[in-house]
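The values are calculated or read from the model by the stated rules, or taken from the named source; none is laboratory data. Keep in mind the model is a prediction, meaning the values are calculated, not measured. Neighbour counts are summed over all protein chains in view; Cβ atoms, including those assigned to glycine, are modelled from backbone coordinates with ideal geometry.
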Amino acid sequence: MRIGIDFDNTLIGYDDVFLAAARERNLVSAGFAGNKQAVRDAVRVLPDGELAWQRLQGHVYGRGIDKAVMFEGVDGFLRRCRAAGHGVFVVSHKTQYGHYDPDRIDLRAAAADWMEARGFFAPDTYAIPRQNIFFEGSRAEKLRRIAALECVYFIDDLEEVLNDPDFPPGVNRVLFAAAGSSPGLAVCSDWRQVAEVVLDE
């Protein structure tokens, strides 16, 4: 079976990194608490908030990525895929450089380094071939890649990606989100549920 998985906010979680970086930059108060979405909402209402948010993203997805975490349950899921011989493909809409990032960090290289450090490519961990990792410059390119790979399942945190009119037909769509109720989507709030939908059916 060929299984496609999005990267940002699906395999990797940034909530604590966004919160810490926003506090360091005094974009939120020291006592502010919340996930990435809460930080985004708070920053974007500031004067020049959209620019500040773009800069914050550039930092988190670049220099800050080392502090991001793999979601609980991903390890078990990927180990089961390896044991069963399923092909795993990471397909991400990710530009090479962040908007307004003065350091010009290669975001794709940073993401690949994060995966390597966590055993994604190691034969005794998840054994995902490096050539199974795809970073695309647009959503349209991402959807074309999913179609070309002939994935049986695709797992993503963005409902708008899975519900895009150009999403390839015949691919089972799995939404990794706390809530949602779109027809045709399997909604999973954690990776244990993802495993039940994808691997246990």
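Values computed for the structure shown
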| item | result |
| --- | --- |
| All strands (runs of 3 or more DSSP E) inside the stretch 109-201 with 1 or more residues being assigned by TED's automatic domain parsing to the domain that holds D75 and closer than 17 Å to G13 by Cα | 153-156, 172-176, 185-188 |
| Residue that is over 25 Å from R79 (Cβ atoms) and among the hydrophobic types (A, V, I, L, M, F, W, C), where the choices are A178, A117, A147, A127 | A147 |
| Selection status of R173, surrounded by 15 or more Cβ atoms within 10 Å (Cβ to Cβ) and within 12 Å of V91 (Cβ to Cβ) | no |
| Test for A127: is it closer than 19 Å to N172 by Cβ and either free of Cβ contacts under 8 Å to residues at least 60 places away in the same chain or polar (S, T, N, Q) (or both) | no |
| Qualifying positions in the stretch 59-97 - surrounded by 16 or more Cβ atoms within 10 Å (Cβ to Cβ) and small (G, A, S) | G62, G64, A68, G87, S92 |
| Pairs, first under 12 Å from I5 (Cα atoms) in the stretch 152-167, second at pLDDT below 95 and hydroxyl-bearing (S, T, Y), C-beta under 8 Å, six or more apart | L162/S182 |
| Residue satisfying all of: in the stretch 10-35; touching a residue at least 40 places away in the same chain (Cβ under 8 Å) and either more than 30 Å from Y126 (Cβ to Cβ) or touching a strand residue (DSSP E or B) at 6+ places or on another chain (Cβ under 8 Å) (or both); surrounded by the fewest Cβ atoms within 10 Å (Cβ to Cβ) among these | D16 |
| P168 surrounded by 14 or more Cβ atoms within 10 Å (Cβ to Cβ) and more than 25 Å from E72 (Cα to Cα) | yes |
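Per-residue answers, yes or no, for (1) among the basic types (K, R); (2) closer than 26 Å to Q193 by Cα; (3) modelled with pLDDT of 95 or more; (4) touching a His at 6+ places or on another chain (Cβ under 7 Å):
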| site | (1), (2), (3), (4) |
| --- | --- |
| Y100 | no, no, no, no |
| A111 | no, yes, yes, no |
| W114 | no, yes, yes, no |
| Y126 | no, yes, yes, no |
| P129 | no, yes, yes, no |
| E141 | no, no, yes, no |
| V152 | no, yes, yes, no |
| E160 | no, yes, no, no |
